[in-house]
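Notes follow once the structure below has been shown.
The values are calculated or read from the model by the stated rules, or taken from the named source; none is laboratory data. Just so it is clear, the model here is predicted, and its values are computed rather than measured. Here the Cβ positions follow ideal geometry from the backbone for every residue, glycine too, while neighbour counts run over all protein chains shown.
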Number of protein chains: 2
Amino acid sequence: MRVKLVIEYDGTNYAGWQRQKNGITVQEVLEQAFCKASGERAVIHGAGRTDAGVHAEAQVAHLDTNCTIPANKISYAMNMLLPPDIRVKQSAEAGKDFHARFSAKAKTYRYTYYNDTHASAIYRNTTTHVHGRIDIRAMKIAAEYIRGTHDFACFCASGSDVTDTVRTVYRLAVTSDEPFIHIDVTGSGFLYNMVRIIAGTLIDVGQKKVSPEHVKDVICGRDRTKASATAPARGLTLKEIHYTPFGKDKDIDA
Amino acid sequence: MRVKLVIEYDGTNYAGWQRQKNGITVQEVLEQAFCKASGERAVIHGAGRTDAGVHAEAQVAHLDTNCTIPANKISYAMNMLLPPDIRVKQSAEAGKDFHARFSAKAKTYRYTYYNDTHASAIYRNTTTHVHGRIDIRAMKIAAEYIRGTHDFACFCASGSDVTDTVRTVYRLAVTSDEPFIHIDVTGSGFLYNMVRIIAGTLIDVGQKKVSPEHVKDVICGRDRTKASATAPARGLTLKEIHYTPFGKDKDIDA
């Protein structure tokens with residue numbers, strides 16, 4: 001059977017989602033736990049590869065197995081064996097045609113800044129510190145320029161070998177919940193580091209280092225050198241994988 | 001001069017606030033940082049002693065110093081030397097008669113449960129997991145019985161040598177913000193483990209292990225053996241120390 005998993009993790013102590021030689025990853029820790037629980041080796045396919053230090057509230061993955069554990073009990077069996085910074089929130093049987101990555105229609109990420117004189121102790125691993133006065137209104141204006149379908153080559157980390165760099169940002173909302181500033185972004189897909197470059201660009205606008213109109217120019221100019229620095233990984237959380245076209249399962253309220 | 005500090009910490013990796021032989025404490029780490037920054041040894045007096053694993057968003061402390069660092073810059077100097085799970089949010093000169101502990105009129109704590117099928121990975125250190133359906137309304141009713149001035153002997157950890165066990169709980173609010181359940185309690189002072197026993201009692205009510213009326217009986221009966229288990233430290237955060245009588249600096253909205 002094919003099993004769908006919904007997974008939460010604090011990415012602080014991991015070298016990202018995807019299995020690799022240098023460092024322990026979320027994927028391999030999950031695969032080890034599943035192997036111990038079921039006695040079977042299975043590849044756990046994630047919907048999105050998150051980078052080192054990036055978190056997930058609801059990463060989605062799937063695996064194929066012949067094990068006798070009922071699908072909805074796999075979460076319990078795995079959580080017994082997982083470290084507390086990784087939890088399987090849900091497990092359920094999925095159709096054979098379900099693919100965590102290819103069936104996904106959209107993804108929502110949240111980037112969170114902690115805006116205060118000093119950094120936060122309690123939220124140190126899940127927020128990026130930024131001090132001084134932040135112009136939220138200017139950030140909202142810039143966000144409007146980014147929203148929509150554009151060639152996001154200018155918002156892609158250099159070295160990426162993707163050729164088609166057109167993506168659609170369905171929703172890009174900036175909200176202030178002092179001392180937190182949240183940037184919620186939902187898109188059809190994201191180029192490498194795209195969300196963190198959007199976050200870095202919007203905070204530059206908030207700090208008045210660049211104007212909202214500059215962001216418009218970057219979007220039009222297709223020049224990565226004009227976009228801002230990539231914001232640190234720790235502020236980024238994968239919030240949701242959407243399997244119905246975005247806007248059909250919920251209102252677009254950005 | 002006397003300096004007032006406002007301190008945030010993630011208590012996960014500390015043996016509590018107060019200096020002791022077994023384990024590293026928040027107080028000693030702060031004193032070491034101040035000593036390195038100023039070249040002076042000073043005792044840092046906290047407003048409240050938090051237990052191992054308990055957090056603080058705004059612990060208040062004071063110290064006396066002859067150092068040349070301006071009072072409002074001491075936070076910056078100390079933060080350069082502190083581990084990231086302890087931050088001095090604010091430092092300011094205080095009057096000679098200000099005492100972090102004895103000047104305090106009230107304290108506010110928050111206890112947070114994470115109510116979902118599985119525990120949280122991201123909030124594992126700041127919440128206590130509880131699964132199943134929780135009756136928030138019953139918890140609110142029980143909270144009303146606890147609020148007020150009572151002999152809280154029944155809500156005090158055994159072994160405490162305090163003789164006067166009468167305390168006033170000014171505010172005790174239970175709020176649901178799914179999957180979180182927050183218990184906010186403000187009191188004139190608290191007996192040892194009192195907030196955690198209140199939290200343990202209220203969740204027993206929410207899980208229908210005991211009725212709200214049972215809590216009323218415990219409050220009246222002065223029998224500790226009838227109160228519930230002490231809730232784990234990790235869910236507890238010291239939110240605020242009040243230096244004006246509670247209710248005068250803000251509305252009581254419980």
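The table below gives the values:
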| item | result |
| --- | --- |
| Pair list, Cβ under 7 Å, 6 or more apart: the range B:58-69 residue among the acidic types (Asp, Glu), other residue assigned to a strand (DSSP E or B) | B:ASP64/B:ARG2 |
| Residues that are surrounded by fewer than 19 Cβ atoms within 10 Å (Cβ to Cβ) and either modelled with pLDDT under 95 or under 21 Å from the mean Cα position of the chain (by Cα) (or both), drawn from the range A:111-135 | A:VAL130 |
| Residues (in contact (Cβ under 8 Å) with a residue 40 or more places away in the chain and among the basic types (Lys, Arg)) located in the range B:134-154 | B:ARG147 |
| Filter result for B:ALA138 (under 17 Å from B:GLY200 (Cβ atoms) and at pLDDT 95 or above) | yes |
| Positions within the range B:161-194 being of a type in the set (Gly, Ala, Ser) and farther than 24 Å from B:ASN115 by Cβ, in sequence order | B:GLY187, B:SER188, B:GLY189 |
| Test: residue in the range A:59-66 that is among the charged types (D, E, K, R) and assigned by TED's automatic domain parsing to the domain that holds A:ALA229 | no |
| Top-ranked residue of the range A:8-64 - restricted to ones that are of a type in the set (S, T, N, Q), within 13 Å of another protein chain (Cβ to nearest Cβ) and in a helix (DSSP H, G or I), ranked as farthest from A:GLY235 (Cα to Cα) | A:ASN13 |
| The range B:70-96, residues that are away from every other protein chain (no Cβ under 14 Å) and crowded, with 19+ Cβ neighbours inside 10 Å | B:ALA94 |
| Residue in the range B:1-51 that is farthest from B:SER91 (Cα to Cα), counting only those that are buried (at least 20 other Cβ atoms within 10 Å of the Cβ) and acidic (Asp, Glu) | B:ASP10 |
| Members of the range A:77-96 that are part of a strand (DSSP E or B) and touching a Leu at 6+ places or on another chain (Cβ under 9 Å) | A:ILE86, A:VAL88, A:LYS89, A:GLN90, A:SER91, A:ALA92 |
| Filter result for B:ILE74 (farther than 16 Å from B:GLU240 by Cα, assigned by TED's automatic domain parsing to the domain that holds B:GLY11, part of a helix (DSSP H, G or I) and of a type in the set (A, V, I, L, M, F, W, C)) | yes |
| Residue list for the range B:10-49, filter: within 23 Å of B:PRO84 (Cβ to Cβ), out of contact with any helix residue (DSSP H, G or I) (no Cβ under 6 Å at 6 or more places or on another chain) and at pLDDT below 95 | B:GLN20, B:GLY23, B:GLY48, B:ARG49 |
| A:ILE181, sole failed condition from (1) touching a Phe, Trp or Tyr at 6+ places or on another chain (Cβ under 7 Å); (2) surrounded by 16 or more Cβ atoms within 10 Å (Cβ to Cβ); (3) part of a loop (DSSP other than H, G, I, E, B); (4) more than 13 Å from chain B (Cβ to nearest Cβ) | (3) |
| Residues (aromatic (Phe, Trp, Tyr) and either within 20 Å of B:VAL210 (Cβ to Cβ) or within 14 Å of another protein chain (Cβ to nearest Cβ) (or both)) located in the range B:115-170 | B:TYR123, B:TYR145, B:PHE152, B:PHE155 |
| Breaking point among (1) over 20 Å from A:GLY11 (Cβ atoms); (2) part of a helix (DSSP H, G or I); (3) touching a residue at least 24 places away in the same chain (Cβ under 8 Å), for A:ILE197 | (1) |
| Test for A:ALA104: is it closer than 30 Å to A:VAL3 by Cα, surrounded by fewer than 20 Cβ atoms within 10 Å (Cβ to Cβ), of a type in the set (A, V, I, L, M, F, W, C) and in contact (Cβ under 8 Å) with a residue 40 or more places away in the chain | yes |
